[in-house]
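Working notes, beginning with the structure itself.
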Amino acid sequence: MHKFFTIASMLLSMVVYSAAAPRAQAQQVTASALQTKATDEGFQRLGLQLRSDKPRYLPGEVVTLKLRVTNSSSVEFPTYPRVDTGNLKVLISKNGSLYKNYAGPGWGIANAKSSRLVIGPGQSAEATATVLYHNCLDSCVTVRDSELYQNASIKSSVDTDYALPEPGTYLLKVALVDFKTGKRIESTPLKVVVEEPTGDDRQTWAVIKNDGHYALFLQSLGGSRNVDYYVVRRLQELVALYPKSRYTAYIRSRLAAFSTTAKGQKLMAELR
């Protein structure tokens, strides 16, 4: 009799477990679906505020963009507002033309999971991006980009070495992409004006405008050694020739920053 009850208890346990398992799985699926929906709704309620360091520039001047991402939803959202991971896109329109995709040196090559950031309800996160040299090899619109932007007026990438190469009115905006769903949100366009250079500014711009290596150096402190040697030597000549140019202060600061690097110290010693 004792054995009978033992076996019966085992059978009863198996029946209860079998009946409970589908319900547990269904609850897990439902919870996952609700979480996905909440995350998606949270993403759509992220607010993007974009501003620049100043409203007016010369062609070839670096533009510093500062982005604030604010979560106004009731759920936390994991996101990566960084240009190097590729989920933060910068888009540029000149004089009302179609927006084009811009990407600077090293953009879109980092692993997004390497720096996970969770923005809680009511919290904000900030990101900074500089705009100057356009690296087409890293940023020309790919099939994935085309799919992400299929509902937007983005047809191509910037096709010049300098992002803002000519005088005119430009509109800049950023798009934050959710890699999991493919959805994106955009900031309100930011207007910046590029002025015609005159005097010493014109002389400086005439030297650097036709060679993207100057833009690459000024934004990211260099490329190959041979190119850096030529670029650094020419920039040193420009700041000596045109000390009152609006370009000069920034060029000097970048030369100074380069001189603190191991590569820069060696190259500067050769130039003395």
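The values are calculated or read from the model by the stated rules, or taken from the named source; none is laboratory data. In this text, all values refer to a predicted model and were calculated from it rather than measured experimentally. In this analysis, Cβ positions are derived from the backbone assuming ideal geometry, glycine residues included, and neighbour counts consider all displayed protein chains.
Residues in the stretch 185-222 that are surrounded by 17 or more Cβ atoms within 10 Å (Cβ to Cβ) and not in a helix (DSSP H, G or I): S187, L190, V192, V194, P197, K209, L221, G222.
Restricting the stretch 205-238 to residues that are in contact with a helix residue (DSSP H, G or I) (Cβ under 7 Å, 6 or more places away or on another chain) and touching a residue at least 60 places away in the same chain (Cβ under 8 Å), the residue that is farthest from W107 (Cα to Cα) is I208.
State all residues of the stretch 39-85 that are touching a Phe, Trp or Tyr at 6+ places or on another chain (Cβ under 8 Å), of a type outside the set (D, E, K, R) and at pLDDT 85 or above; if no residue qualifies, say none.
Passing the criteria: L46, L58, P59, G60, V62, V63, N71.
Looking at (1) crowded, with 21+ Cβ neighbours inside 10 Å; (2) modelled with pLDDT of 95 or more, which is the only condition H134 fails? The number of the failed condition is (2). Restricting attention to the stretch 239-272, the residues that are assigned to a helix (DSSP H, G or I) and free of Cβ contacts under 8 Å to residues at least 12 places away in the same chain add up to 9. For the stretch 137-174, the set of residues classified as part of a strand (DSSP E or B) and modelled with pLDDT of 90 or more consists of Y162, G168, T169, Y170, L171, L172, K173, V174, listed by residue number. Would you be able to say whether some residue in the stretch 227-238 is in a loop (DSSP other than H, G, I, E, B), surrounded by fewer than 17 Cβ atoms within 10 Å (Cβ to Cβ) and on the phi < 0 side of the Ramachandran plot? Checked against the condition, which is being in a loop (DSSP other than H, G, I, E, B), surrounded by fewer than 17 Cβ atoms within 10 Å (Cβ to Cβ) and on the phi < 0 side of the Ramachandran plot, the stretch 227-238 yields no hits at all. Looking at this structure, is E237 touching a strand residue (DSSP E or B) at 6+ places or on another chain (Cβ under 9 Å) and among the acidic types (D, E)? No.
Remark: pairs (first residue in the stretch 69-94, at positive phi; second residue of a type in the set (A, V, I, L, M, F, W, C) and outside any strand (DSSP E or B); Cβ separation under 8 Å; 6+ apart in sequence or on different chains) = G86/W107; G86/I109; G86/A110; G86/A112. For the stretch 239-253, taking the residues that are over 21 Å from P105 (Cβ atoms) and not charged (D, E, K, R), the one that is surrounded by the fewest Cβ atoms within 10 Å (Cβ to Cβ) is identified as A240.
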